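A quick write-up on the structure given underneath.
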Amino acid sequence: MFRNYFKTAYRNLVRHKGFTFINIAGLSLGLTACLLIGLFVYDELQYDRFLPEGEQVYRLYNERIEDTGNEFTPRTPPMYAPTLVQELPEVEQAVRILDIQAKSLVEAAGKKIYQEGGLVADAPFFDIFRLSFVHGAPEQALANPSAVVLSDQLARKLFGAENPLGKELSVNKQHFLVSGVFKTPEKFHLRISYILPMAAAEIPAERMKSWRWQQFHTYVKLKDGADAGSALAKFRSLVKKQIDPVTNRPHNYSPFLQPLREVYLHSASFKMDMARRGNITYVRALSIIAVFILLIACFNFVNLATAKSMQRAKEVGVRKAVGASRAQLMLQFIGETVLLTCISVVFATALTSLLLPSLNAFTGKHMTFDVFSSPAMLLFLLGLTLVVGVLAGFYPALVLSGFQPVKVLKGAVVSESKVGKIQWLRHGLIVVQFAVSIFLIISAIVVFCQVSYLHNKDLGFDKEQIMFFPMRGDNMFAQYETFKNELLQTPGITAVSIGYGFPGDAVAGDGIIVPRNGEQKEHPVTQLMVDFDYLKTLNVQLVAGRAFSRDFKTDADHAFMLNETAVRALGFGTPEQAIGRPLLWDTWDEKNPDSLKTGKVIGVVKDFHYKSLYDIVEPTVLQIYPDAYWKVAVKVRAADMARSVAHVKEVWHRFSPDYPIEYIFMDENFTNMYQAEDKLKSLLWIFTGLAILVACLGLFGLAAYAAERRKKEIGIRKVLGADISNIVALLAKEFLLLILVSALLAFPLAWYAMHEWLQDFAYRIDIPLWGFVAAGLLAALVAFCTISYQAIRAASVNPVLNLRFD
């Protein structure tokens, strides 16, 4: 019996080559998209799952309550970790981590490289993150203040295949001894190339007792069976008791525990995060798209199989006449679908293997798809074949097996009432297919418009032709003014600024004190430590007052500038009214931690975006504070670019010969902020095009079915004088109505989804109404072209042949 089924299936596939090709192509494309997205999603879900006892590890983060809305940051005070260990019996261990934000000059074995991914951590780091060690032991790896632990990748760069234990290494001219080498974890949310002990940071002991200085990332490991909710409630109470007396007011942030395995995908909205970050929203969206494309491919088979069902009516009648039951016929037809799906899976597997390297290059991942060496993957593909085959084949099998043999064998024609008795389902499939396609078109248009907005919005400063690099070496820091003046000794360089807090780079979150009515109230602000040429170099616009000037000796020590948002947040009224208002700042003076800088507001600048457009412009204070300077911004004329860059390198070598220069242009820095959105835009266009293509295959099948069942009508109309355009309009009218229904279904869903996505951005576009119109018209145009092909083909047949059809 099964041999006969197989022969029949093979003959049908060969006999109807066109429909077989369309079916296999549609299913293969759908399965390929599903496999590629599935590999990506699976890879994203694997982060931090390799760590032993990882389910007991949590990251602390703070929810900060601001006037502009709540925000989340993983930056915490240094007292969190020791308090957790000392006061909470549920806590097994806690560790503080500082990220070294800039690349460090690492020297060893005669080699000199700039390396990112440096961390400073407490000794229990490897008690919580139990990484595999290649050399040395994790237990005491960070116990010595002069120790450094390397990743195996960095160790190979510096020492080759040699065991580096006990060898000397310097980081930014500070000397250490290698105490261990760990295997670089691929799916770890922390970027690590080397780890230094906390003592290497040389932070004063008093500073490490702070409850307000939020600069550390804190991780905690709870004891087995400990209740995280209970531990968090106790810790919040402790935090409140410690912070409120210090700030003289209720503190504006509250700690939370984030499970380690949620850090990578559930931290997209966190501010000042050092971790690698995915986005669970994008993962879920891509998963839904994969399911939709696979369903569209299955719907295609349903439509195409139904369209050809009349040609198999006699076969069904004969089989039933000789005793075949409906269950046997359904098994036969579902078996045919499974066979076709199996062929499609083979093609999809080949396509996935072919396209995966390109996907890896696009996403920066190292995903693999080795079917033959992975029994789990083979089982998955087998299960996928059965599920898709049954899903796609059930309805056609139900229709075909329901033909009545007496009527089929007597009349040789299956009435529309039988083939189409569930016609609404077939039409419903087309509606769903094109609703998904229109949804994706609208999403792609909105994402494209938002990404264009991110790249092109006026940020309130000039980021073009600005070289940007950190200062290196004691000589450069000590003589930064001389270094700056030397850079200006070429016509191609128009301005130079040195400071801390340039757009696209690290900024300081701190408080500013406003004296008012005999009281001193502290307000959270962003601090930008600038020099006299900051505004000129970036072309930041002045709204009121004046800029910092060397002509005013008090500007260096007793002057502040605000942005427009700070004027409102501090209650100063208008920018003009803010001029002359007194401010106090608790300086970062390690020798005198209680010192206050007193000064007045001398100017107000227009709001400018020094962070990404995910973040709202915050109240910002600008001040002269040379102790914090570490970055250099050089404004260069485009026409003299090569000569100016060469001049910068030459001056650099004179001031810091031991450090190679490494620079970036500021506009590149901002472009890199939106890489995830750029990739999402590209992926949406690709999958939208794929969904439309696969949906059109389904529409092609339904149009073929309509032309098949209306052959006589078309023949009669042609005899009575109808031309091809009349026939096209006759067949297109029904399907274009389905596209209209699809659009009406897709429009509200797309608006809701895109509205929710845009909420992640502090600055965003209004959803363009023209995008909905364009999506509907594009879908209608593509559908009309698809239908027209079948209609013209049917109308071109000699009407005599149609009328002779029996």
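The values are calculated or read from the model by the stated rules, or taken from the named source; none is laboratory data. For clarity, every value in this text was computed on a predicted model and none was experimentally measured. Here Cβ is always computed from backbone atoms with ideal geometry, including for glycine, and neighbour counts include all displayed protein chains. To get the accessible areas, we keep the full protein, side chains included, count just its heavy atoms, and leave off ligands, DNA and RNA. Shrake-Rupley method; radii C 1.70, N 1.55, O 1.52, S 1.80 Å.
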Computed from every Cα-Cα pair in region 90-141, P(r) in 10 Å bins starting at 0 and rounded to whole percents is 20, 37, 36, 6, 1
For the pair GLU53/GLU519, report the inter-label distance in nm, with labels modelled 7 Å from Cα in the Cβ direction. 4.8 nm
With DNA, RNA and ligands ignored, accessible area of LYS173 (1.4 Å probe; Å², nearest 10): 80 Å²
I need two numbers for region 77-209: Rg to one decimal and Dmax as a whole number, Cα atoms only, in Å. 14.9, 49
Expected field for THR368, accessible surface area in Å² at 1.4 Å probe radius, rounded to 10, holds 110 Å²
For VAL85 and ALA361 in one chain, what is 0.36 nm times their gap in residues minus the Cα-Cα distance, to one decimal in nm? 95.0 nm
Once phi is turned into θ = phi - 60°, what whole-Hz ³J(HN,Hα) does the Karplus curve with 6.51, -1.76 and 1.60 give for every residue of region 382-391, x standing for Gly and Pro? 5, x, 4, 4, 5, 5, 5, x, 5, 4
With the Cα gyration tensor of region 136-229 giving a ≥ b ≥ c as the square roots of its eigenvalues, does the rule (a/c under 1.5 for rounded; else a/b larger than b/c for prolate; else oblate) give rounded, prolate or oblate? oblate
The correct pair for region 482-563, radius of gyration to one decimal and Dmax as a whole number, both in Å and from Cα atoms, is 15.3, 52
Could you work out how much longer the chain between GLU662 and SER353 gets when fully extended? Use 0.36 nm per residue separation minus the Cα distance between them, nm to one decimal. 107.4 nm
At what distance in nm do the modelled label points of HIS653 and ASP458 sit from each other, each positioned 7 Å from its Cα along Cα→Cβ? 4.3 nm
Please turn the phi angles of region 660-674 into ³J(HN,Hα) values with the Karplus equation 6.51 cos²θ - 1.76 cosθ + 1.60 (θ = phi - 60°), one per residue in order, whole Hz, x for glycine and proline. x, 7, 9, 10, 9, 8, 4, 5, 5, 4, 6, 4, 5, 5, 10
For a test of understanding, tell me how many lysine pairs in region 71-229 have Cα atoms under 24 Å apart, given they are 8 or more places apart or on different chains. 23
Just to verify a number: what accessible area does TRP751 come out at with the full protein assembly present, 1.4 Å probe, Å² rounded to tens? 120 Å²
Take region 23-126, drop everything but the C-alpha atoms, weight them equally and run the Debye formula without solvent; then report log10 I(q)/I(0) at 0.11, 0.20 Å⁻¹ to two decimals. -0.68, -1.16
Please report the spacing between the Cα centers of region 151-178 and region 487-515 in Å, no decimals. 34 Å
Under the 0.36 nm per residue contour assumption, what length would be gained going from the current alpha-carbon distance of ASN485 and ALA233 to full extension? 85.2 nm
Give the residue from TRP652, LEU697, ILE664 lying farthest towards the positive end of the charge dipole for region 641-698; charges sit on Cβ (+1 for Lys and Arg, -1 for Asp and Glu) and the dipole is referred to the Cα centre. LEU697
Please express the Cα-Cα pair-distance distribution P(r) of region 71-113 as a list of whole percents, one per 10 Å bin, running from 0 to the bin with the greatest distance. 20, 30, 23, 20, 7
Once both label points are put 7 Å beyond Cα along the C-beta direction, the SER254-ALA199 separation in nm becomes 4.0 nm
